[in-house]
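All of the numbers you see were taken from the coordinates with simple rules; none came from a lab. Just so we're clear, the structure is a prediction, and the values are computed from it rather than from any experiment. Don't worry about glycine lacking a Cβ; one is built from the backbone with ideal geometry, like all the others, and counts go over all protein chains shown.
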Amino acid sequence: MKKIFFAAALCMLTAISAMAQDKLFIDNFSIEAGKTAKVSVNLTNPENVFTAVQFDLTLPDGLDIALNKKQKLDIVLNNGDDGRLDDQTCSASKASNGAYRFVVSSMTSAEIFEKEGEILSINLQASDTFVNGEGNLDAIVLVKPNGDKLSADKATFSVNDATGINAIDVDGENATRYNLNGQRVAKSYKGVVVKNGKKYFNK
C-alpha cells in the first residue's frame, strides 16, 4: 500500500513540476498566401522572474518577418502600462542559417511583469505560394535578475494557409481544382483556383 501511495505521490509531483516549467512559445496559427499576420511570442514563467530573453526563431519556407514603414523588422514589444515589459529593448538579426536571433534585454535589469502572456509580437509576411509549414523557437535563454541563465525546451509551432486548403496530392493537368472556400470547381471557373496545393488566377 505504501509503495502505491509513494508512486502516486511521485507521479503527482512530476506532473506539477511539468506544469510549472518556464517556457517560451508561439501558438499554432494560420496565414493566407500573400498576406501578413501578427503572431505573439509568449512567455510562461510560473516559478522564476526574468529580466531578459534570448531565442532563435526559424520560420517555414515562404514565411518571413515583414518590414515596417522604416524598413526595419516589424516587431512590437508588449510594454506600456498594461504590458509585461518595462524598459526592455529588442534586437533581431538574421543569421546565415536563415534563423532570426532575438535578444530582449533591459539596461536596468527591469523584471518582466506577470507570470504568463505575450512579451512581443511579430508581423509575418507569407509568399504568394505559401501553403503550410513548421517553425520553432530554439536556443532559448532566460536571464534572472541575479544574472543566472536558464535554458528552456525548443518550442515547435505549425503554420497553415488561412483558407484551410493545405495540400492536394493529385498531379497533372486533370487535377481537381478548388476555389478559396474549398469547393470543387470546373476548369472554366474564373478567379483564384487552388490546384496541386498552389494558387492560380484563372482569367
- At 7 Å along the Cα-to-beta-carbon direction for both PHE201 and SER30, put a label point, then send me their distance in nm to one decimal. 2.3
- Message: Report, in listed order, any pair from LYS35/LYS203; LYS70/LYS149; LYS94/LYS195; LYS35/LYS195 with a Cα-Cα distance greater than 29 Å.
- Response: LYS70/LYS149; LYS94/LYS195
- Message: Quick check: pseudo-label points 7 Å beyond the Cα along Cα→Cβ at VAL76 and GLN21, how many nm apart are they?
- Response: 3.1
- Task: Pop a pseudo-label 7 angstrom from the Cα along the beta-carbon direction at both LYS154 and LYS115 and give the gap in nm to one decimal.
- Result: 3.0
- Query: For a paramagnetic label modelled at 7 Å from the Cα of ASP61 toward its Cβ, which residues of the stretch 122-137 fall within the zone defined by backbone nitrogen distances under 18 Å?
  - Reply: 125-136
